[in-house]
Amino acid sequence: MNIEAFYTISYGLFIVSSAADGKKNGYIANTVFQVTATPPQFAICCNKDNHTAGMIKKSGTFSVSVLEKDVPTGIMGLFGFKSGNTVNKFESVTHINTPNGTPVVTESSVAWFECRVSQVIDAGTHLMFIGEILDAELLDKNKEPLTYAYYREAKRGIAPKNAPTYIDKDALEKKSKPTIKKFKCPVCGYIYDPAIGDPDGGIPAGTAFKDIPDDWQCPICGVNKNEFVEVDN
Ligand code: FE
């Protein structure tokens, strides 16, 4: 099996939210898709260990926020890498509550949908929820939705060879041999590579990890610099 074949499947990135027992939670999902047109229904897949899965089962409703291309990494970190068991994710994010009591993240989103669960399919590690769409809103027609491919490439600072932001890693590595030590984020697994730097975070390529300002954080999940661990090259 060639794992790289999996990377050719296109996905978007979304926040799926729900509420139960007076608590709200949400998580970052790439598996959201329309399954029928009449009635309009979406399917989502949610890990059984995910805090939100229990809320969806209990309340029978969930919302889907379509993230915008320029979503700040802080939101990705909060909803993608932190557990609702320990953090109230809705405390610091702009959202609304539908008349059915479903929380909907509106911050950094281009559109949202609210669904009522019509079927739950046990898919092993995950539950697939099929839900009829109760309501939908377009928040900003001028903003582009985020795709998983864009997130993988651009947000990690790795650009295709023909992109204007492409960095010749091999050439840079040769130039900066004494500073090529890489460091790994213990939470999300992001690897800081000095040959690439963190251009989105203002760290130019060729910057050694020790020379990054102390208040720099993981561009994916927001973990502090001092928690990073050195990795063998
Ligand atoms: Fe991280």
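Taking the convex hull of the Cα atoms, report for the stretch 1-111 its projected area averaged over all directions, in nm².
Averaged projected hull area, Cα only: 8.5 nm².
Ranked highest first by average number of other Cβ atoms within 10 Å, how do 210-221, 132-143 line up?
210-221, 132-143
Pop out the carbon and sulfur fraction of the accessible area of the stretch 95-150 as a percent, whole number, probe 1.4 Å.
Carbon and sulfur: 51 percent of the exposed surface of the stretch 95-150.
How many percent of Cα pairs in the chain exceed 29 Å?
35
Across the stretch 190-203, in residue order, what do the Karplus-derived ³J(HN,Hα) couplings come to in whole Hz, using 6.51 cos²θ - 1.76 cosθ + 1.60 with θ = phi - 60° and x for Gly and Pro?
Values, residue by residue: 4, 10, 7, 10, x, 5, 9, x, 9, x, 5, x, x, 9 Hz.
List the residues, sorted by chain then number, that are 5 or more residues from V32 or on another chain and whose placed amide H is less than 5 Å from its amide H.
Residues meeting the criterion, in which the H sits 1.01 Å from N, are G12.
Cysteines of the chain lacking any other cysteine beta carbon under 4.7 Å?
Lacking a cysteine Cβ partner under 4.7 Å: C45, C46, C115.
Search the structure for amide H atoms under 5 Å from the amide H of I203, placed 1.01 Å from N in the peptide plane, and list their residues when 5 or more places away or on another chain.
D198
Could the peptides 26-35, 5-14 be put in order, highest first, of the mean number of other beta-carbon atoms found within 10 Å of their residues?
By packing density, highest mean first, the sequence is 26-35, 5-14.
Per DSSP H run of n ≥ 4, the term is -39500 (n - 2.57); total these for the chain, divide by its residue number, and report the mean residue ellipticity at 222 nm rounded to 500 deg cm²/dmol.
Computed mean residue ellipticity for the chain: -3500 deg cm²/dmol.
Is there a quick way to get the dipole size of the chain? I mean about its Cα centre, with the Cβ of Lys and Arg at +1 and of Asp and Glu at -1; what is the value in debye to the nearest 20?
Value, rounded to 20: 320 debye.
Output ³J(HN,Hα) for the stretch 8-19: one whole-Hz value per residue in order, computed from phi by the Karplus curve 6.51 cos²θ - 1.76 cosθ + 1.60 with θ = phi - 60°, and x for Gly and Pro.
3J(HN,Hα) across the stretch 8-19, in whole Hz: 8, 7, 8, 9, x, 10, 9, 10, 9, 10, 7, 8.
Expressed as a rounded percentage, what relative contact order does the chain have, with Cα pairs under 8 Å and six or more residues apart?
Relative contact order comes out at 18 percent.
Got a sec? Which residues in the stretch 184-199 would a label at D214 touch, if it sits 7 Å along Cα→Cβ and we count backbone N under 12 Å?
Those under the cut-off are none; the list is empty.
Kindly write out, for the stretch 108-114 in residue order, the coupling ³J(HN,Hα) from the Karplus curve 6.51 cos²θ - 1.76 cosθ + 1.60 (θ = phi - 60°), rounded to whole Hz, with x marking Gly and Pro.
6, 10, 9, 6, 9, 9, 10
Specify which residue in the list I3, P213, P40 is farthest towards the positive end of the charge dipole of the chain, using unit charges on the beta carbon of Lys, Arg (+1) and Asp, Glu (-1), about the Cα centre.
Farthest along the dipole direction, towards plus: I3.
With a ≥ b ≥ c the root eigenvalues of the C-alpha gyration tensor of the stretch 25-80, is it rounded (a/c under 1.5), prolate (a/b larger than b/c) or oblate?
oblate
The values are calculated or read from the model by the stated rules, or taken from the named source; none is laboratory data. Here the structure is a predicted model, which is why all the values come from computation and not from measurement. No Cβ is skipped: glycine too gets one built from the backbone with ideal geometry, and neighbour counts run over all protein chains shown. Quick note on the areas: whole protein, heavy atoms, side chains included, nothing else; ligands and nucleic acids left out. Shrake-Rupley method; radii C 1.70, N 1.55, O 1.52, S 1.80 Å.
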